[in-house]
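Okay, structure first, notes after.
Every number in this text was worked out from the coordinates using simple rules, so none of it is lab data. None of these values were measured; they are calculated from a predicted model. So basically every Cβ, Gly included, is an ideal-geometry build from the backbone, and we count neighbours across all protein chains shown.
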Amino acid sequence: MEELQFDVTVIGAGPAGLAASLTADKAGAKTLLIERETRPGGILKQCIHDGFGLVRFGEKLSGPEYAARFIDRLPNSDVTVWTLSFVSAIQREQDDSILTVITREGIRRIRTHALIFATGCRERTSRQIGVHGRHCAGVFTAGTAQYYTNILGELPTKRCVILGSGDIGLIMARRLTLEGAQVVGVYEAKPTPSGLTRNVSQCLWDFEIPLHTSKTVTRVFGDARLTAVEIASVDPCMCPIAGTEEIIPCDALILSVGLIPENELAESIGVPLDSKTKGAVVDERNETLLRGVFACGNALHVNDLVDYVSESGEIAGAAAASKEKKCRGLVPVECDQSLLYIVPQRISRNAEMQERVFFFRSAKDMDNAMLTITKGGNLLFSKRFSHLRPPEMERLPVLLTPEQLFGNEPLRFHLEELDHE
Amino acid sequence: MSYCKRINQTLFARFGGRVTAREQDRVLYLEGELDRWDDVVAAGLLAVNHKKYDGLVNDIRFTGGEIPPMRLPKVTDTVLDGAAPDVLVIGGGIVGCAIARECAKYDVRILLVEKEHDIAMQTTSRNDGMVHPGVDLIPGQVKRHYNRRGNRMYDEICKQLDVPFRRSGQYICFRGKKLAFAAFFGQLYYKLIGPRVTYLRKKAFFQREPNMNPAISAALFFPDAGVVSPYGLAIAYAENAADNGVQVSLDTAVLNMTVSEGVITSVRTNRGTIYPKVVINAAGVFAEEIAKLAQDRFFSIHPRKGTNTILDHKASKRMHTIVSSFGTSSTKKRHTKGGGLVKTIDDNTLVGPDAVETYQKEDFTTAPENVAFVFDAQRKTDTALNIRDAITYFSGVRAATYEEDFVIRKGKWTKNIVHAAGIQSPGLTAAPAIAVDVSRMAAELLSKSRIVRSNESFNPIRTGVIRASELDLPARDALIRENPDYGEIVCRCEEISRGEIKDALHRSIPCDTIDGVKRRVRPGMGRCQGGFCGPLVLQIIAEETGKELQQIDKSAPGGELLMGAIKEVMP
């Protein structure tokens with residue numbers, strides 16, 4: 001079997017992979033972009049609602065329009081694009097990666113100097129959150145329901161309950177309503193919605209769709225097709241409270257209960273993951289702890305804005321294309337329980353740029369909060385936030401000098417709510 | 001005092017005259033009324049005596065709930081009207097399919113009817129896939145006999161039917177010094193009466209299964225245990241049967257029979273009336289109902305539900321074969337040989353099952369308490385077992401008799417029926433052997449009216465669906481170059497290609513549902529549970545069968561996934 005050589009290989013042609021491959025190509029690297037679906041664009045292909053690109057392009061684009069801004073650049077680049085191609089296995093040889101790729105033309109072997117995982121994320125399923133009852137037709141994740149509706153033009157429901165107030169669930173509540181289906185309500189086990197505030201307002205309030213917090217679906221009923229769900233209130237530990245059950249007739253349960261970064265391929269070559277993000281541990285260039293292996297986009301951590309996904313791909317693409325490979329001198333970045341997570345989890349003491357961009361989410365809703373970064377007891381940075389919500393990711397550029405990063409103590413992130421003055 | 005009288009006294013003491021027993025023609029009948037199902041079952045278990053009677057019929061009326069009627073197919077037509085097969089097999093589970101295939105070795109016309117939309121839809125698909133060595137079976141039991149014979153047949157039958165089978169062995173683990181001692185003596189017991197066994201001290205066990213509970217002090221290893229896909233094997237049996245001329249009619253339920261002078265003369269179904277010469281009862285949880293229609297009811301089925309959980313491949317790397325602990329619910333309950341932790345043929349860890357008596361024969365719902373119970377029990381084997389690693393869970397219902405034994409025999413009163421009833425664990429292991437005997441009994445019955453010869457053209461070999469990802473790279477590459485569909489991955493979790501899915505749709509047993517494809521070639525069995533591949537499989541089924549997208553069912557008619565076009569594309 002012949003072996004093809006590339007400087008940079010990107011797995012996944014969603015927004016992260018598109019940005020990564022175009023950036024690597026622009027930097028002069030011989031770049032391959034591998035996509036398992038028939039067309040590039042990733043999940044954006046089915047996101048026909050608007051709101052994409054506000055940060056990057058200053059306009060409200062639909063998902064396919066946003067993707068097109070990148071896809072349209074491919075023909076004028078030297079990026080080699082393989083669609084309907086599936087990475088089946090990866091081996092490591094020194095710092096090179098050897099990929100086995102399944103395509104309709106046969107099996108191809110790729111040797112690549114740098115490898116970028118832009119593999120996106122998948123949806124949590126009904127089983128992972130413990131929905132019980134009969135295994136009937138009519139239980140869909142929101143993304144799958146979105147595929148049926150927007151790609152196939154087929155409605156998966158006429159009257160549904162949506163469990164989980166993640167962004168896709170909110171968007172599907174509106175989308176299904178517009179198509180004439182009845183959304184009985186959106187139910188959220190947590191006391192606050194999981195999606196962006198703008199989505200709660202534009203997708204639910206504008207369409208008079210009720211949102212019930214601290215309630216969950218405990219069981220589904222039906223034979224061949226779902227006919228009803230059981231709803232129950234939950235206590236602060238998210239356990240259903242006996243006696244609060246209520247049966248709601250409907251033909252579908254649509255789930256928007258979280259996204260999980262897809263990292264099974266990365267794990268297969270031993271890329272260490274962060275248990276908080278479920279994505280790879282990376283430095284500020286999105287390089288994982290394995291040299292020459294990068295991660296970006298939702299595979300790295302689940303973003304709420306595609307603009308940041310593209311940025312993350314560009315960072316990985318530029319770093320992967322640079323040939324230079326000096327010692328990184330990694331300093332650990334840690335956060336306590338006041339933050340859900342922090343990315344990157346390492347920063348390089350030897351980086352040229354002094355500006356580092358961190359992404360984080362607060363662990364709970366906070367008004368008037370102070371973020372501090374300390375190292376070995378020394379305060380390096382602090383910033384006040386008037387409002388923080390876990391569903392809204394914060395992008396935080398911080399200037400850090402080599403002197404500040406001296407020593408092996410970790411950088412510690414901490415959030416504290418200040419008293420109202 | 002007669003046994004019946006004594007039993008009546010015992011029943012009186014327990015149920016205060018609400019239940020009585022009477023015997024007739026070597027069958028013990030229980031009558032009366034009880035409002036708790038557990039009491040109905042308890043009365044049966046109290047009265048049963050397999051030495052004195054051919055069977056126990058429990059006619060105690062249950063007043064505490066409504067026993068749901070058998071789910072019936074939606075279709076009604078006359079396609080089978082007037083059919084006159086030599087052998088009618090009722091039931092398309094592992095037992096019925098194996099019997100149909102073995103019957104095809106004779107020159108007889110065979111019709112298999114299954115009320116569900118596909119083969120292996122009920123207990124067979126809700127099974128832990130263990131091929132049992134027969135650890136806790138007692139000499140004299142019918143099931144022990146068939147388990148031993150069936151176990152020995154597995155290598156060959158799986159080779160013939162092209163079904164993956166791994167004889168990976170089973171550990172039964174013991175905790176603490178006292179139990180290690182017991183294990184040592186247990187080994188001597190098995191050396192006397194079988195199955196084959198090896199005693200492993202702590203160190204030897206942990207060399208083989210290093211991630212199990214450190215409190216384990218010794219283990220017995222039974223090398224004859226193995227794992228197989230239960231539905232995979234049933235479908236393979238059915239396909240090979242169909243390849244050899246067996247007619248398989250799905251969505252076909254037996255509704256009634258006419259019996260005259262001890263002979264079944266006709267069998268009414270929702271698809272017409274059939275006039276078989278011999279009837280085989282392999283109806284699983286409904287075997288008692290079939291026996292009743294055939295006027296040959298001398299046993300009762302008390303359904304027993306069990307729940308299994310499947311773990312992600314990643315979490316499944318912790319163990320290599322079947323590991324159970326002595327004293328967990330699954331080994332303690334005498335009549336349910338739950339596997340404990342089973343590394344399935346598809347390399348997932350299966351956790352389960354439990355055993356709960358139920359009056360609902362088709363209650364396949366799951367409940368969190370059952371899953372939690374099983375996890376708690378199995379943590380004795382692996383303390384790190386985490387419910388968060390579960391990718392799915394499912395329930396099945398065992399068709400237990402009160403004798404807790406199989407009923408493999410010709411009819412007691414009716415002359416042209418053979419029962420393969422009361423099949424619960426180890427029914428999967430026993431099925432190949434049961435099928436050989438039952439087909440022979442059917443041939444014997446037929447030979448009273450005609451000469452039964454062997455079928456000279458019988459072909460025992462079935463070619464399964466190619467599993468492309470299991471080929472070596474050059475062979476896989478060559479396959480793709482011959483047929484590019486094998487190079488298009490549809491299910492990324494399990495790495496299943498379009499070629500494999502198309503193959504599954506065009507075999508001798510028709511398949512046109514998402515779950516049918518899933519059980520044949522595994523798209524949707526992985527960690528995303530069909531979130532990504534479901535819509536793609538749906539489109540492939542529509543393309544290949546010529547149906548509209550909205551007509552495609554998840555599992556059975558009435559289970560359509562889509563409900564109509566969106567507004568923009570309406571005409």
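Computed from label points 7 Å out along Cα-Cβ, the spacing between B:D77 and A:E394 is 6.6 nm.
Pairs A:K278/B:K203; B:K203/B:K314; B:K343/B:K412; B:K305/B:K448: which exceed 30 Å Cα-Cα?
Long pairs (Cα-Cα over 30 Å): A:K278/B:K203; B:K343/B:K412; B:K305/B:K448.
Here region A:326-421 is assigned +1 on the Cβ of each Lys and Arg and -1 on the Cβ of each Asp and Glu. Its dipole about the Cα centre then comes out at about 560 debye. With both labels modelled 7 Å from their Cα along Cα-to-Cβ, the B:K547 to B:Q24 distance reads 4.7 nm. Cβ under 14 Å from B:D251's Cβ, B:D251 left aside: what net charge do those residues give with Lys, Arg +1 and Asp, Glu -1? Within the 14 Å Cβ shell, the charges total -2.
Share of pairwise Cα-Cα distances greater than 48 Å in the protein assembly as shown is 31 percent (whole percent). Within region A:326-421, the proportion of C-alpha pairs whose separation exceeds 24 Å stands at 20%. As a proxy for reagent exposure, A:S21, A:S322, A:S275 were ordered by neighbouring Cβ count within 10 angstrom, fewest first; the result is A:S275, A:S322, A:S21. How are the Cα pair distances of region B:216-304 distributed, in percent, across 10 Å bins from 0? Spelled out per bin, shortest first, that is 13, 32, 30, 14, 8, 4, 0. P(r) for chain A, from all Cα pairs and a bin width of 20 Å, is 25, 54, 21, 0 %, short bins first.
In the distance distribution for region A:368-421, Cα-Cα pairs more than 18 Å apart total 38 percent. Just so you know, the Cα atoms of region A:128-172 work out to an Rg and Dmax of 11.1, 30 Å.
Selection among B:L561, B:I290, B:A315 by position relative to the dipole of chain B gives B:A315 as farthest towards the positive end (Cβ unit charges, Cα centre). Of B:V27, B:V227, the sequence from fewest to most neighbouring Cβ atoms within 10 angstrom is B:V27, B:V227. Exposure here means at most 13 other Cβ atoms within 10 Å; with trypsin sites (Lys or Arg not before Pro) in a DSSP loop as sites, the longest stretch of chain A lacking them is A:61-290.
Here region A:179-203 is scanned for amide nitrogen atoms under 19 Å from the site 7 Å beyond the Cα of A:E246 along Cα-to-Cβ, giving A:182-194. Since only B:L549, B:V89, B:V397 are under comparison, the one whose Cα sits farthest along the positive direction of the charge dipole of chain B, derived from C-beta charges on Lys, Arg, Asp and Glu, is B:V397.
Based on the reciprocal of the average 1/r between different C-alpha atoms, the Kirkwood radius for region B:3-62 equals 11.1 Å. For chain B, what ratio Rg/Rh do Cα atoms give with a Kirkwood hydrodynamic radius? Value, to two decimals: 0.97. Estimated from the Cβ-Cβ distance and a Förster radius of 56 angstrom, the FRET efficiency linking A:H387 and B:K202 is about 0.45.
For region B:37-171, a crude dipole built from +1 on the beta carbon of Lys and Arg and -1 on the beta carbon of Asp and Glu, taken about the Cα centre, is about 600 debye to the nearest 20.
Assuming charge only on the beta carbon of Lys and Arg (+1) and of Asp and Glu (-1), the dipole of chain B about its Cα centre is about 2580 debye to the nearest 20. Counting Cβ atoms of other protein chains within 10 Å of each residue's Cβ and taking the mean over peptide A:94-105 gives 3. Cβ distances below 4.7 Å define possible disulfide partners, and in chain B the cysteines left without one are B:C4, B:C97, B:C103, B:C158, B:C173, B:C493, B:C511, B:C528. Sorting B:E33, B:E403 from the fewest to the most surrounding beta carbons within 10 angstrom yields B:E33, B:E403. Rounded to the nearest 0.05, the FRET efficiency derived from the C-beta distance between B:K51 and A:D235 at R0 = 41 Å is 0.15.
With a sphere of radius 9 Å drawn around the Cβ of A:D7, what net charge do the other residues whose Cβ falls strictly inside it have (Lys, Arg +1; Asp, Glu -1)?
+2
Using the Cα centre of region B:468-569 as origin and beta-carbon charges of +1 (Lys, Arg) and -1 (Asp, Glu), tell me which of B:I514, B:L473, B:Q529 is placed farthest towards the positive end of the dipole. Farthest towards the positive end: B:Q529.
Cross-link reach is defined here as a Cα-Cα straight distance under 27 Å, omitting same-chain residues fewer than 8 places apart; for B:K502 the lysines meeting it are A:K45, B:K74, B:K115, B:K159, B:K518, B:K547, B:K554.
What FRET efficiency comes out for B:E156 versus B:E470 if R0 is 22 angstrom and r is the Cβ-Cβ distance? Round to the nearest 0.05.
0.55
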